[in-house]
Amino acid sequence: MKPIWIADDDQSIRFVLEKALQREQMPTRSFTNPREVLAALDEEGEGPQVLVSDIRMPGGSGLE
């Protein structure tokens, strides 16, 4: 199963989402800004199963 990516600049939101998903044995990967997500997409060439993203973050929009 591909991981679920979480993009949010708020550490507490990332933590809660990660723990809830991991409790259900779903793999996760977290990012603090949209630039990190875009870089990971370039590096891996393959996206996540699902991307959960905040809309407003420093350095860009979650809609990018």
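The values are calculated or read from the model by the stated rules, or taken from the named source; none is laboratory data. What you are looking at is a predicted structure, and each value in this text was computed from that prediction instead of being measured. Don't worry about glycine lacking a Cβ; one is built from the backbone with ideal geometry, like all the others, and counts go over all protein chains shown. Only protein heavy atoms, including side chains, enter the accessible area calculation; ligands, DNA and RNA are left aside. Shrake-Rupley method; radii C 1.70, N 1.55, O 1.52, S 1.80 Å.
The strands (runs of 3 or more DSSP E) found wholly in the chain and carrying at least 1 residues that are of a type in the set (S, T, N, Q) occupy 28-31, 50-53. Selection over the range 38-52 of residues that are surrounded by fewer than 17 Cβ atoms within 10 Å (Cβ to Cβ) and in contact with an Asp or Glu (Cβ under 9 Å, 6 or more places away or on another chain) gives a count of 1. Residue count for the range 13-37 satisfying the condition of being over 16 Å from Pro48 (Cα atoms) and open to solvent by 60 Å² or more (accessible area, probe 1.4 Å): 6. Counting the residues of the range 40-54 that are over 14 Å from Lys2 (Cβ atoms) and over 12 Å from the mean Cα position of the chain (by Cα) gives 2.
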